[in-house]
Every structure is written in structure tokens, then in C-alpha cells.
Ligand SMILES: Cc1ncc(COP(=O)(O)O)c(C=O)c1O
């Protein structure tokens, strides 16, 4: 019998499925995984990764997928970008680890300076390096506590900030993330996020103040209600906010929401933390999403796309806030030299072309999705910035009843047709592809979505 040649993922431009999904090799890996790996992971369909190139991903059976998830908005430069791989290899040949908390190495301050200038606001900042988004958030909260000597926090429902106990306390995304872990470790009050598609107060941008200088009701409630009842401002360390909400449903707030938060915080010497873990690193067409809104936070938490897939996170704070003394905060692996090299290569690529591509391809995808929405009433809303795009499905355009099961079936149907997408919020599909995506890939995704919606969910 002729040996079958598997398709080459490095040259593939469209999905290419050779077996029923999952194939036999994938099934064996999944069975082993189920036996030994934590059951807390939320895999919603059985894709197994073997090899990737750009926006294409291949499973062990040789099937090729178009990846519109990029490892949850992490592989900013695509799978195995040659310049990132080269930077990793070159650094790995020099040294893998020495511990930034104890010794110096040359490219750590280079990345710190880069992040200080790329994040919004004055460049006079300090950077603490961590290993993940949750740790970057922990660092941001600790900076706020330390600088203000206050302990209360204000966050938003729908927000996701990570799973460590401090980050989990500010998270208010899904009950499953909290259930079984007792009381929250930190003193956090959550208020509804600015979701204009589903305004929690039943208002519209025309009636809530979003278009007036006073700002929207959902931001003012912090000063007018919360600070007068449960969180006295002189006990409030920080307000923590995602400039575009990620896990909560790729929700884009009006600019005045973020600006009003900033004004309130300034009036009461409260630190504003922007969690840009998902929205940062060029994904939205700007290096940090805050820039779309004229929003200048005091502290930024950044991770995910920062090193195209190597684990690294950073807390970037105004220098006058990060004044803690040696020993106050550190991490053995934080700012690992190989991850730092990958990060510098990633930033070079983002600045030279990929951020601009994210803006262009984001607009192209969004236009295509809006055209699809004209023919498919189940699409209730298409929103986003750059390549951070949410497609919210509804049962009825008037009542906006969330189409939860239909969304789940949409996700499965994408997988069965060779597209990797993941869900967020109650009934939203998110698109967060690598920033190397091109028009042909976008056309392939749009025509597959059209096919799925035409066939019916
Ligand atoms: C906005 C935001 N913050 C924090 C985190 C936590 O990041 P990590 O999973 O790297 O700890 C995430 C992860 O999805 C996120 O989206």
C-alpha cells in the first residue's frame, strides 16, 4: 500500500481534513489526558495540537485547521514565527535562567524600558516581571496596596483577571470559577461593566450620560453609590478594569466609561489598574487597547501575546507608585531570559507590521461579519477593535435572548469544518487570531461561518 503523505502545515492556506474528527491518534492522546490531567480544564472540543505555522494548526492525524483563537490571544505573531523561534534558540544557547530577582542580564532592562514607553502615560515607570496574566494582576494589586496603604478594591462583573486567589477575588466572570473555593481572599466590590448591548441599568448611550460630560451611569455609580456605602474612597486602593472585556464577551465600552473611571479615581487618589492581558500587545490595532479610549491607567497588567507563547507577564506602574523596597515582591522565573528574548522579537514584529495588519484585517473581518449579520438574524451584535472581535448570537433580535446552545453548536460546527474558535461571555464567539492573518484566511473564515449559519444551528 502507498504510504499516505500528510499535508504540510507550513504551506497550507486553508483547512484540510483527512480523517473524521477527532482522528485515531488524537483520540489516543485525549484518552491519556483524561486519565492524568486535571479535570478542571475546559476543553469544549477535542482538538489536539501537533504542529503550527502562522495561523494554521495541524493535529497528530495530519488534519489542518485555520486557527482563529491563537492559544487564547497568545500567539500574537502566529505559530512558530521564524524570527521568534530564532530569538529563542539564540538565547537558549547562551543561558536559560539566572533569576532576575538576584542577578542582572542585559535584555531585561531593554524590555522594561520598551514596556514603559509602549504603555499609555508618562514613560517614567517601573516594571515587575512575572510568568502569567494572573501574576501580572497580582503584582498590580500589590503595587496599589503598597502605594496607598489601603485594602479595598472595585472591579466589574463579567471581568476575568486570573485564577490565583488574589486575581480570582477581582474576577467576576463565571460562578464555576469561584464555586468550591470559599470566600474571596481580597475585599472586592463588583459593579456592572459598561455593556451597551445589554445595559444592566436598562439605559442607552443617549439616556445614561455616556454622551455628556458627566459620563455614563455605570461609571458614576462608583462615586455616587459604592463610595458612599461599602467602599469609602479613603479605604479604596484601586479600581481594576479591562479596557475591553475579554472572557466576559469581548465587550467594548464607550470611551467615556473609562475616562469617567479615571476622573473618579483621580479625585480620590485611587489607583487605576488596566488589565490588558488579553487586549494588549497590538491585538486591537494599537499596542494597548486603552489608547483607543484616551484612557491613561496608573498601572498596566500585560501578558498573553507579550512573548508570542512563552510564559511571561509584566506589571507596569508609574515610578512614583512602584517604590517598594528589595524583597517586597519578586519571582524566581519572572522575566525568564528566553521569554524576554521572545518578547523583544515579538515587539519588533508588532511594531514593524503586525499591529497595522491587525487594524486592517480586523476591519476587513468586521465588515464581512456585519454583512453576514444582514442575512443571518441570529447574529445579534458584531463588535471589537482590530483582531479582538466578538460575534454575539441571539435567539431574537428584539428581546436579545442569548442563543447559548446555538453558540455552542456554532463552535462545534467550526471545529468540524476545520476552524478553531472559542467562546466567551454567555453567547459570544470570539475571534482572536494571530496578527499575521491575511485576507484569504479571513475570506475562508467568513465563508465557513456563512455555510454554518445557512445550514442552521
Ligand atoms: C484579561 C485577563 N486577565 C488575566 C488573565 C489571566 O491570565 P493567565 O491565564 O495567564 O494567568 C486572563 C486570561 O484569560 C485575561 O483574559
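Every number here is computed from the coordinates shown, using simple stated rules; none is lab data. All values reported here derive from a predicted model rather than from experimental measurement. Ideal geometry is used to build each Cβ from the backbone, glycine not excepted, and the neighbour counts take in all protein chains shown.
For residue 351, put the label point 7 Å out on the Cα→Cβ axis and report which residues of region 104-138 keep their amide N under 13 Å from it. What the label zone holds, given the 13 Å backbone N cut-off, is 110-119. Over the C-alpha atoms of the chain, the Rg to Rh ratio, Rh being the Kirkwood estimate, stands at 0.97. Going from the residue with the fewest nearby Cβ atoms within 10 Å to the one with the most, 36, 156 rank 36, 156. Rounded to 0.05, the FRET efficiency of the residue 400 and residue 90 pair, given R0 = 56 Å and the Cβ-Cβ distance, is 0.60.
Annotation: the residues 181, 145, 197, sorted from fewest to most other C-beta atoms within 10 Å of their own C-beta, follow the order 181, 197, 145.
Along each principal axis, taking the top coordinate minus the bottom one, the Cα set of region 11-122 gives 52, 35, 33 Å in descending order. Arranged from fewest to most other beta-carbon atoms within 10 Å of their beta carbon, 351, 247, 93 become 93, 351, 247. One way to sum up the overall shape of region 83-350 is the equivalent ellipsoid from its Cα gyration tensor, whose semi-axes run 32, 20, 17 Å, largest first. Computed over region 83-350, relative contact order equals 31 percent, with contacts defined as Cα pairs under 8 Å that lie 6+ residues apart.
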